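For reference, the structure is listed below as structure tokens.
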Amino acid sequence: MASCGARIQNHAWLPLTAILIGCTAHHSNETGLGDSRSKSGNLAGASGGGSNSAAVSMAGEQNGSVRLPIIPNYSWFQVRPFKVAESNFIYGWTGEDGRDTNVILHLAHNSLEYQRMVMENAAIYQRELVYFNEGLASLAQQAAQAGEKLRQITLPGLDGQQWVVDVTRTELRDNGSAGQIYGQLPGQADSTVTAAFINNREAFTVDSPQEQVYLVGEAREPGEMVVKSINPALYGSPFH
């Protein structure tokens, strides 16, 4: 886990990208961020055809110094590999146990990511693949176009749970298609929420000692996040 163990300090964009998005090494023939094959569809469409992720490109675009190994994707890798077990108008939660090694084989892009996720099992309580339609970039752009501040967002938890976040600060780039959002859970002054996005890829952390909620969401493909409940004493994260 050493390669993914850097800490998020002062809510910096680059560490968040490196930990939650840049930990995955992807295929050398990966398509660009705007590749139409990677666009998210309706939540009811639970599975999709094969597509290469550009998460490493996302990290690299933010900082040219970020370079990760390039290894082949699994031949069976798919976008939206699992059916939706529970959904609402924002999110679709899959029912598979994301700590099961057979499930990880379909979550991971390649052998490097598979090994990282298996090792990570010792430091997490649960892992689940979540789909989404309208992402943070869309919300940020809508607020900007209306000349308003983004005041609240909703992030996915596990098993159909959601977390409302009061936004305290936003930093947007590229006409709102990329940026980061900082906030707190309502009524929890000791909580810290950090979210980062570019186009339709997202990552986040939720740190709430009061509620004993420690979540990490990392990008998989556009419109997909792997959400984890972590053990803050063991996970290589900003929570300890």
Can you give the FRET efficiency to the nearest 0.05 for ILE70 and THR101, using r as the Cβ-Cβ distance and R₀ = 30 Å?
0.80
Calculate the spin-label point distance for ASP166 paired with ARG151, positioning each point 7 Å from the Cα along the beta-carbon direction, and give it in nanometres.
1.2 nm
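Return the equivalent ellipsoid semi-axes of segment 167-240 as a descending list in whole Å, where each equals the square root of 5 times an eigenvalue of the C-alpha gyration tensor.
The three semi-axes for segment 167-240 are 22, 16, 9 Å.
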As an exercise, identify the trypsin sites (Lys or Arg not before Pro) in segment 68-137 lying in DSSP coil whose Cβ has no more than 14 other Cβ atoms within 10 Å.
LYS83
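On average over all directions, what projected area in square nanometres does segment 85-233 have, based on the convex hull of its Cα atoms?
9.0 nm²
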Among 145-155, 207-217, how do they line up from the highest to the lowest mean number of other beta-carbon atoms within 10 Å?
207-217, 145-155
Put a dot 7 Å past each Cα toward the Cβ at ALA123 and LEU234; how far apart are the dots in nm?
1.1 nm
Placing each pseudo-label 7 Å from Cα in the direction of the beta carbon, ARG173 and GLN142 end up separated by a distance in nanometres of 2.5 nm
Which three semi-axes in whole Å describe the equivalent ellipsoid of segment 131-178, each the square root of 5 times a Cα gyration tensor eigenvalue, listed largest first?
21, 12, 9
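No lab work stands behind these numbers, since they all come straight from the coordinates. As the structure is a prediction and not an experimental result, all values here were calculated from the model. Every residue, glycine as well, gets a Cβ built from its backbone with ideal geometry; the counts of neighbours run over all protein chains shown.
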